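> Quick one: structure below, then a few questions.
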Amino acid sequence: MVLAARNPMKSEGILPREVPVVDFSGERAEVAKVIVKACEEYGFFKVINHGISKEVIAKSEEAGFGFFGKPMVEKKVAVPAYGCKNIGVNGDMGEVEYLLLSATTDSIAHISKTISTDPLNLRKSLSAYTEAVKELACEILEVMAEGLGVPDTWVFSRLIRDGESDSVLRLNHYPPIINRDKDKSSQITKVGFGEHSDPQILTILRSNDVGGLQISLPDGVWIPVTPDPSAFYVNVGDVLQVMTNGRFVSVRRRAMTNSYKCRMSVAYFGAPPLHQTIVAPSVMVTPQRPSLFRPFTWAEYKKATYSLRLGDTRLQLFRNCKR
């Protein structure tokens, strides 16, 4: 089988630009309109007034920094949930260490007992955060469905609300790069987490006040995303691109590191159950816009994802051959 490799970037330009901002406290129809436009043009947007408390956010960040601040020997106790520099199993590397958890109460409770001297407090912090961002993800998906004119407004969120949802929570820590130059005043940046798209439905991302996240436009230009610890950033994933029949675009992104301050991000990846068949709702498929992708299960797509390198495209493998 020949695997589909990603097309080379046309350029590596950096273009400072503000990303779309969604005020989630606004009038619902207007919010839906802004979200749909952002997903069509960027596959990415920033959410403010999202309703998640500062306390829930602060405790999750404290839990993350508490874990990553441990000696390496203590962090390695959490393997395979913990990883350092290796990204996946196909040789991709980055300037990052991470903690990857299934977004379930049982998984969080288990890892809390493994890595913490205060497992109850850690479990409460991570569970509260996970439930809050999951609910935000579902609310956003329901507003999206309304904006797209889909009669069943739970068609996307139902897959995340399902008890067998394959959603995960990932904490990424990017330590400062050691500056070995004679001129210590110079700033060094490296790729912490390479270019990729998220295979799931939707990603809810938050970081501390350190920049590094960049998203890619179709012409290959990269947009640095200004950090805002009070906001969340939303990425369209591959599955949502399929379920909107290509109307929404799965954004490609990467994370850069620096030589002056560590960055930590927490990402919730909303995913369907493994057995779920991924197809676009009938309203998204018309004679003028036939189905772009063949039906497949999330298990099939996940397997394809893990068989490829981080930057490879995957959706090409599931394109509808009838087109």
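The values are calculated or read from the model by the stated rules, or taken from the named source; none is laboratory data. None of the values given here were measured: they were computed from a predicted structure. Ideal geometry is used to build each Cβ from the backbone, glycine not excepted, and the neighbour counts take in all protein chains shown. Keep in mind that these areas ignore ligands, DNA and RNA; they rest on the heavy atoms of the full protein, side chains included. Shrake-Rupley method; radii C 1.70, N 1.55, O 1.52, S 1.80 Å.
> Which of the residues spanning region 200-224 are in a loop (DSSP other than H, G, I, E, B) and within 14 Å of the chain's Cα centre (by Cα)?
Q200, I201
> Quick check on this structure: which one of S230, S250, S265 is part of a loop (DSSP other than H, G, I, E, B), surrounded by 22 or more Cβ atoms within 10 Å (Cβ to Cβ) and not aliphatic (A, V, I, L, M)?
Answer to the selection: S250.
> Report, ordered by the first and then the second residue, all pairs with beta carbons closer than 6 Å, sequence separation of six or more or different chains, a first member in region 187-215 that is touching a residue at least 60 places away in the same chain (Cβ under 8 Å) and closer than 23 Å to E135 by Cβ, and a second member that is assigned to a loop (DSSP other than H, G, I, E, B) and open to solvent by 20 Å² or more (accessible area, probe 1.4 Å).
N208/P229
> On to the next question. Would you mention how many residues in region 71-103 are touching a residue at least 40 places away in the same chain (Cβ under 8 Å) and exposed (fewer than 12 other Cβ atoms within 10 Å of the Cβ)?
So the count comes out to 2.
> Kindly indicate whether any position in region 177-194 is modelled with pLDDT of 95 or more, in contact with an Asp or Glu (Cβ under 6 Å, 6 or more places away or on another chain) and surrounded by 20 or more Cβ atoms within 10 Å (Cβ to Cβ).
Among the residues of region 177-194, not one is modelled with pLDDT of 95 or more, in contact with an Asp or Glu (Cβ under 6 Å, 6 or more places away or on another chain) and surrounded by 20 or more Cβ atoms within 10 Å (Cβ to Cβ), which makes the answer no.
> Identify all residues within region 206-247 that are within 19 Å of F269 (Cα to Cα) and touching an Asp or Glu at 6+ places or on another chain (Cβ under 6 Å); write none if there are none.
P229, N235, G237
> Has region 238-246 got any residue that is open to solvent by 40 Å² or more (accessible area, probe 1.4 Å) and out of contact with any Gly (no Cβ under 7 Å at 6 or more places or on another chain)?
First, the residues of region 238-246 that are open to solvent by 40 Å² or more (accessible area, probe 1.4 Å): none.
Checked region 238-246: no residue is open to solvent by 40 Å² or more (accessible area, probe 1.4 Å) and out of contact with any Gly (no Cβ under 7 Å at 6 or more places or on another chain).
> So which of E55, E62 is in a helix (DSSP H, G or I), within 22 Å of A255 (Cβ to Cβ), open to solvent by 60 Å² or more (accessible area, probe 1.4 Å) and not hydroxyl-bearing (S, T, Y)?
Result of the check over E55, E62: E62.
> What are the residues in region 35-52 that are of a type in the set (K, R) and open to solvent by 50 Å² or more (accessible area, probe 1.4 Å), if any?
Within region 35-52, K37 is the sole residue that qualifies.
> Within region 14-23, take every residue that is surrounded by fewer than 20 Cβ atoms within 10 Å (Cβ to Cβ) and either β-branched (V, I, T) or in contact with a Gly (Cβ under 7 Å, 6 or more places away or on another chain) (or both) and give me the one that is modelled with the highest pLDDT.
Quick first cut of region 14-23, residues surrounded by fewer than 20 Cβ atoms within 10 Å (Cβ to Cβ) only: 14-21, 23.
Next, from what is left, pick out any that are either β-branched (V, I, T) or in contact with a Gly (Cβ under 7 Å, 6 or more places away or on another chain) (or both): 14, 19, 21.
Details: I14: 80, V19: 94, V21: 98.
The qualifying residue modelled with the highest pLDDT is V21.
> If you don't mind, there's one more thing I want to ask. What do you reckon, is D106 surrounded by fewer than 16 Cβ atoms within 10 Å (Cβ to Cβ) and under 27 Å from K303 (Cβ atoms)?
When the stated conditions are applied, D106 passes them.
> Further question: Mind checking which residues of region 274-323 are closer than 11 Å to N245 by Cβ, loosely packed, with under 15 Cβ neighbours inside 10 Å and in contact with a helix residue (DSSP H, G or I) (Cβ under 7 Å, 6 or more places away or on another chain)?
Correct list: empty.
> Here are some conditions: (1) more than 26 Å from A63 (Cβ to Cβ); (2) open to solvent by 50 Å² or more (accessible area, probe 1.4 Å); (3) not in a helix (DSSP H, G or I). R158 meets all but one. Which one does it not meet?
Of everything listed in (1) more than 26 Å from A63 (Cβ to Cβ); (2) open to solvent by 50 Å² or more (accessible area, probe 1.4 Å); (3) not in a helix (DSSP H, G or I), R158 misses just condition (3).
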